[in-house]
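Trainee: There's a structure below that I have some questions on.
The values are calculated or read from the model by the stated rules, or taken from the named source; none is laboratory data. It should be emphasised that the depicted structure is a prediction, and the values quoted were computed from it without experimental measurement. FYI the Cβ positions are ideal-geometry reconstructions off the backbone, even for glycines, and counts take in every protein chain you see.
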Amino acid sequence: MKQKVLITGSNGLLGQKLVNLFSNMDDFVVFAISRGENRNDTAKNFTYTNIDITDSEKLTHYIEDKTPHYIINCAAMTNVDQCEKEKEKCDLINVEAVKTLIKCVKENSIHLIHISTDFIFDGENGPYKEEDKPNPINYYGLSKLKAEQIITQELINYTILRTILVFGIVDNMSKNNIVSWVKKSIEDKQEITIVDDQFRMPTFVDDLAEACLLAIKNKAYGIFNVSSSQLLSIYEMTLQIADAFDLDASYIKAIPTSQLYQPARRPPKTGFILDKSKNSLKLIPLPFKDRLQVFKNQLLNQ
Ligand SMILES: NC(=O)c1ccc[n+]([C@@H]2O[C@H](COP(=O)([O-])OP(=O)(O)OC[C@H]3O[C@@H](n4cnc5c(N)ncnc54)[C@H](OP(=O)(O)O)[C@@H]3O)[C@@H](O)[C@H]2O)c1
């Protein structure tokens, strides 16, 4: 029997990747919801509906009608500075909508796969294990932690995949990610200033989509870290991007975080310990450099 999967936030970076992945597999029927018109021009075999996930009544009716076996929740307010400035809106999307999903999940025995973030940590003691104590230092991180806490308190089948600085390409992207932004800026001959005192393990969106599939296939319940395998400063990352795309790295200038003046604070050093996802999810983490090459090939074949 085919399994029904519902992907929320299907217009986003991860959402589109998931629609592409699942709609190419015979075992799944794919339902996709997001705000506004469908922006995915690649996938054909799926049903799209425009639903704002903060509309709890519409969302509940939709889920009750479609009766999915799995919900992968990719819808979120992901702009960290916007979350800091618009806290109520952030709560509605990142926390309240999750409560609606949980209610539906409970009533219909659905496996919920939810995406969370390294920003639940303060970045003082990274890399982090799944069970380390969270301490968010910005509102986005707090909202994502609140959602995690609500999910883990319920007697439901859930998988929380925490991830870091996601990059990749899909159709009609509404926002930049680190790789596309650095590449375009240098190609446009613009100097860019990059912090050299923040450390991350960036995640290729294809790997995150694969982790969602593995969570379903392996019935892997609980919290899992998902990222590439090496901790790099953001400055080091941009040098690797310049190298991978044969770009002039002299356009990249290193600066400290104190010179950025962003509305929301950023954790200095996150990164993940990946043993649990290697053992239970069967996910193989790879270096950023290697994933950049795959990304480059995807761009060449577009
Ligand atoms: N990107 C990262 O670096 C990163 C890092 C750690 C964790 N994550 C988490 O990973 C998940 C996926 O992120 P992503 O990079 O794919 O983000 P994204 O590209 O910003 O996608 C989020 C999608 O959610 C949609 N959305 C927002 N509010 C909605 C609402 N009220 N109703 C319906 N749809 C709504 C957005 O619609 P519009 O396109 O119309 O705005 C967008 O298509 C999120 O949970 C995020 O918190 C991301």
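Trainee: Could you list, in sequence order, the residues of region 149-169 that are crowded, with 20+ Cβ neighbours inside 10 Å, within 12 Å of the ligand (Cβ to nearest atom) and among the β-branched types (Val, Ile, Thr)?
Mentor: Answer for region 149-169, where residues must be crowded, with 20+ Cβ neighbours inside 10 Å, within 12 Å of the ligand (Cβ to nearest atom) and among the β-branched types (Val, Ile, Thr): Ile160, Thr163, Ile164, Val166.
Trainee: Mind counting the residues in region 180-201 that are in contact with a strand residue (DSSP E or B) (Cβ under 9 Å, 6 or more places away or on another chain), over 17 Å from Ser229 (Cα atoms) and of a type outside the set (Ser, Thr, Tyr)?
Mentor: Number satisfying all stated conditions: 9.
Trainee: Do you know which residues across region 71-83 are more than 10 Å from the ligand (Cβ to nearest atom) and either farther than 18 Å from Ala147 by Cα or surrounded by fewer than 18 Cβ atoms within 10 Å (Cβ to Cβ) (or both)?
Mentor: Matches in region 71-83: Asp81, Gln82.
Trainee: Would you be able to say whether some residue in region 34-52 is of a type in the set (Phe, Trp, Tyr), in contact with a Ser or Thr (Cβ under 7 Å, 6 or more places away or on another chain) and away from the ligand (no atom under 14 Å from the Cβ)?
Mentor: yes
Trainee: Out of the residues in region 277-302 meeting the condition of being without any contact (Cβ under 8 Å) to a residue 40 or more places away in the chain and assigned to a helix (DSSP H, G or I), tell me which one is surrounded by the fewest Cβ atoms within 10 Å (Cβ to Cβ).
Mentor: Applying the filter and picking the extreme gives Leu300.
Trainee: Across region 36-65, which residue is surrounded by the most Cβ atoms within 10 Å (Cβ to Cβ) among those that are among the acidic types (Asp, Glu) and without any contact (Cβ under 8 Å) to a residue 60 or more places away in the chain?
Mentor: Here the answer is Asp52.
Trainee: Step by step: first the residues of region 105-135, then only those that are closer than 15 Å to Tyr70 by Cβ and out of contact with any helix residue (DSSP H, G or I) (no Cβ under 9 Å at 6 or more places or on another chain), then the one that is modelled with the lowest pLDDT. Which residue is that?
Mentor: Ser109
Trainee: Here is a follow-up. Quick one: is Tyr235 surrounded by fewer than 20 Cβ atoms within 10 Å (Cβ to Cβ), more than 20 Å from the chain's Cα centre (by Cα) and modelled with pLDDT under 95?
Mentor: no
Trainee: Lys146: among the basic types (Lys, Arg), surrounded by fewer than 22 Cβ atoms within 10 Å (Cβ to Cβ), in contact (Cβ under 8 Å) with a residue 40 or more places away in the chain and part of a helix (DSSP H, G or I), yes or no?
Mentor: For Lys146, the condition - among the basic types (Lys, Arg), surrounded by fewer than 22 Cβ atoms within 10 Å (Cβ to Cβ), in contact (Cβ under 8 Å) with a residue 40 or more places away in the chain and part of a helix (DSSP H, G or I) - is met.
Trainee: With the requirement that a residue be in a helix (DSSP H, G or I), charged (D, E, K, R) and touching a residue at least 60 places away in the same chain (Cβ under 8 Å), what does region 189-238 give you?
Mentor: Within region 189-238, Asp206, Asp207, Glu210 meet the criteria.
Trainee: Evaluate the following for Val5: is it away from the ligand (no atom under 14 Å from the Cβ), buried (at least 23 other Cβ atoms within 10 Å of the Cβ) and in contact (Cβ under 8 Å) with a residue 40 or more places away in the chain?
Mentor: Criteria met by Val5.
Trainee: For region 188-203: of the residues being of a type in the set (A, V, I, L, M) and under 13 Å from Pro267 (Cβ atoms), which is farthest from the ligand (Cβ to nearest atom)?
Mentor: Once the filter is applied, the top-ranked residue is Val195.
Trainee: What pairs can you find where one residue is in region 159-175 and farther than 15 Å from Ala76 by Cα, the other is more than 9 Å from the ligand (Cβ to nearest atom) and among the small types (Gly, Ala, Ser), and their Cβ atoms are less than 7 Å apart, with a gap of 6+ or different chains?
Mentor: Final answer for the pair search is Thr159/Ala215; Thr159/Ala220; Thr159/Gly222; Ile169/Ser180.
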